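Take a look at this one; I'll ask things after.
The values are calculated or read from the model by the stated rules, or taken from the named source; none is laboratory data. As the structure is a prediction and not an experimental result, all values here were calculated from the model. Every residue, glycine among them, receives a Cβ derived from its backbone with ideal geometry; neighbour counts consider all protein chains shown.
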Amino acid sequence: MAKQITVKLDPPIKAEFVKSASRTSECPKISVPEFAFIGRSNVGKSSLINCLANNSGLAKISGRPGKTQLINHFTMDAGLWSLVDLPGYGYAKVSKVQREIFSKMISHYLKNRKNLVNVFVLIDGRLEPQKKDIDFIRNLGEWRIPFSLVFTKLDKLSSSAFGKNQAAFKRKMLQEWENIPPMYLTSAETALGRVELIESIRKLTIELSPLLLEEINNSEISLG
């Protein structure tokens, strides 16, 4: 059985649901750093978000993968930063038209959300490199969007088995990338990686908040 990790965050995380949006223009107009979470269907995204927030009911978990179909916004640490739960890019059993709608909604958000500072791409640690993950990561590179990789479900396999999958993923990325992005090892079941992930987000928030606010204000002035 996987061992529960009991390291606590200081200060404790505070998380609240804000709203769901079907397009970027409906997203909350805020100037704090925003961090988006995305992954293939059934990667355990909602479970990980609930683990990070220490709230099992924050992000809705469905027995049917791919139920996230909107841009879901959460305010974190009393409004210091924002977490966004994006629909998956593997998609559940939906029509071709729906898949196209989801794809356009996600790409428009990623390319146009001014306060988005990093995308956490969730990767199922049980699997060898998957084409859909590699293709999505390639898109982020082409769009010049900063991202990190978050390997999930590490309680479901041995360290040696995951090590082989992670090494294969690194080899696959180095075929196209000069450098490997930051990687986080997680388990929603045991809270593995929770503290490290939250602390890295908090660190970026402190570093980027003043610069981001100035950039957004300057952009609004130029548009005005």
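Looking for something in contact with a Ser or Thr (Cβ under 9 Å, 6 or more places away or on another chain) and aliphatic (A, V, I, L, M) - is there at least one such residue anywhere in the range 139-154?
Yes - at least one qualifying residue is present in the range 139-154.
Something else now. Is it fair to say Ser209 is within 27 Å of Asn55 (Cα to Cα) and in a helix (DSSP H, G or I)?
Here the answer is yes, as Ser209 does meet what is asked.
Could you tell me whether the range 172-195 includes any residue that is in contact with a helix residue (DSSP H, G or I) (Cβ under 7 Å, 6 or more places away or on another chain), within 15 Å of Ile123 (Cβ to Cβ), of a type in the set (Ser, Thr, Tyr) and assigned to a loop (DSSP other than H, G, I, E, B)?
yes
Tell me yes or no: at least one residue of the range 54-66 is at pLDDT 95 or above, of a type outside the set (S, T, N, Q) and in contact with a helix residue (DSSP H, G or I) (Cβ under 7 Å, 6 or more places away or on another chain).
no
Yes or no, residue by residue, for (1) among the acidic types (Asp, Glu); (2) out of contact with any Gly (no Cβ under 6 Å at 6 or more places or on another chain); (3) assigned to a helix (DSSP H, G or I); (4) without any contact (Cβ under 8 Å) to a residue 60 or more places away in the chain:
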{"residue": "His73", "(1), (2), (3), (4)": "no, yes, no, yes"}
{"residue": "Gly88", "(1), (2), (3), (4)": "no, no, no, yes"}
{"residue": "Val97", "(1), (2), (3), (4)": "no, yes, yes, yes"}
{"residue": "Glu100", "(1), (2), (3), (4)": "yes, yes, yes, yes"}
{"residue": "Phe136", "(1), (2), (3), (4)": "no, yes, yes, no"}
{"residue": "Asn139", "(1), (2), (3), (4)": "no, yes, yes, yes"}
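Do we find that Phe151 is of a type in the set (Phe, Trp, Tyr) and either in contact with a Cys (Cβ under 8 Å, 6 or more places away or on another chain) or in a helix (DSSP H, G or I) (or both) in this structure? Show your work before the answer.
Values: of a type in the set (Phe, Trp, Tyr): yes; either in contact with a Cys (Cβ under 8 Å, 6 or more places away or on another chain) or in a helix (DSSP H, G or I) (or both): no.
Here the answer is no, as Phe151 does not meet what is asked.
Here's something else I'd like to know. Please go through the range 190-199 and give me each residue that is on the phi < 0 side of the Ramachandran plot and surrounded by 17 or more Cβ atoms within 10 Å (Cβ to Cβ), ordered by number. Steps first, answer last, please.
Going residue by residue through the range 190-199, those that are on the phi < 0 side of the Ramachandran plot are 190, 192, 194-199.
Selection gives Thr190, Leu192, Arg194, Leu197, Ile198.
Can you name the condition, by its number, that Val32 falls short on among (1) at pLDDT 90 or above; (2) in a loop (DSSP other than H, G, I, E, B); (3) surrounded by fewer than 16 Cβ atoms within 10 Å (Cβ to Cβ)?
Evaluating Val32 over (1) at pLDDT 90 or above; (2) in a loop (DSSP other than H, G, I, E, B); (3) surrounded by fewer than 16 Cβ atoms within 10 Å (Cβ to Cβ) leaves (3) as the failure.
Return the total of residues in the range 127-149 being under 28 Å from Asn112 (Cα atoms) and in contact with a helix residue (DSSP H, G or I) (Cβ under 7 Å, 6 or more places away or on another chain). Please lay out each step first, then the result.
Of the residues in the range 127-149, the ones under 28 Å from Asn112 (Cα atoms) are 130-149.
The next check asks that each one be in contact with a helix residue (DSSP H, G or I) (Cβ under 7 Å, 6 or more places away or on another chain); those that pass are 134, 143, 145, 147.
Residues meeting the conditions: 4.
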